[in-house]
Amino acid sequence: MLASLSLLVAAVPVFASDGRPIDVSELPAPARQFIETHFADAKVSYATVEGRVLDKEYEVVFTDGRKVEFGKNGEWEQVDAKRGQFPMAVLPQSIRTYLRQNYPDTPVSKIDRDRRGYEVELRSGLELDFDRNGRLLKIDD
């Protein structure tokens with residue numbers, strides 16, 4: 001048992017993230033298209049790829065402090081605009097409508113997306129969880 005644990009611990013660095021810098025041209029096509037569509041006015045500070053056992057993740061950081069994280073296929077997983085203008089077109093229409101009706105003066109600072117749905121963080125600190133169809137599930141303050 002101890003020998004197996006030692007082998008596992010010794011193997012961890014091999015699979016740890018490396019955060020290797022890459023050129024934007026090395027991003028998957030959907031990630032490049034997302035940047036062209038939603039961040040056309042922004043200048044890229046740097047991009048990285050993080051390798052995992054069966055997965056890769058990409059991160060693009062812009063000079064204005066905004067950043068986007070992409071999954072292995074180039075689909076966005078997180079948009080963080082705590083230091084810049086949030087691109088509202090990223091949000092599904094139902095979430096944009098909800099925010100416009102209920103929080104018209106509170107900017108969005110971040111959104112996370114996974115297979116279950118969306119978590120939207122407002123600059124006020126309020127967090128709103130939506131399902132995949134954009135229906136509100138929970139509000140955390």
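The values are calculated or read from the model by the stated rules, or taken from the named source; none is laboratory data. Just so it is clear, the structure is predicted and the values come from calculations on it, not from any experiment. With ideal geometry, Cβ positions are generated from the backbone for all residues, glycine too; neighbour counts draw on all protein chains shown.
Quick notes
- Unmet criterion (only one of (1) in a strand (DSSP E or B); (2) more than 16 Å from the chain's Cα centre (by Cα); (3) surrounded by 19 or more Cβ atoms within 10 Å (Cβ to Cβ)) for ILE139: (3)
- Within the stretch 46-83, restricting attention to residues that are more than 20 Å from VAL24 (Cα to Cα) and touching a residue at least 12 places away in the same chain (Cβ under 8 Å), the residue that is surrounded by the most Cβ atoms within 10 Å (Cβ to Cβ) is LYS82.
- Candidates in the stretch 36-45 are the residues that are touching a Phe, Trp or Tyr at 6+ places or on another chain (Cβ under 8 Å) and without any contact (Cβ under 8 Å) to a residue 24 or more places away in the chain; of these, the one that is surrounded by the fewest Cβ atoms within 10 Å (Cβ to Cβ) is LYS43.
- Whichever residue in the stretch 84-126 is of a type in the set (S, T, N, Q), in contact (Cβ under 8 Å) with a residue 12 or more places away in the chain and under 19 Å from ASP141 (Cβ atoms) and, among such residues, is surrounded by the most Cβ atoms within 10 Å (Cβ to Cβ): SER109
- Single condition ASP64 does not satisfy, out of (1) in contact with a strand residue (DSSP E or B) (Cβ under 9 Å, 6 or more places away or on another chain); (2) in the same structural domain as GLY125 (by TED's automatic domain parsing); (3) of a type in the set (Asp, Glu): (2)
- Taken over the stretch 6-43, the criterion of being at pLDDT below 95 and of a type in the set (Lys, Arg) is satisfied by ARG20 alone.
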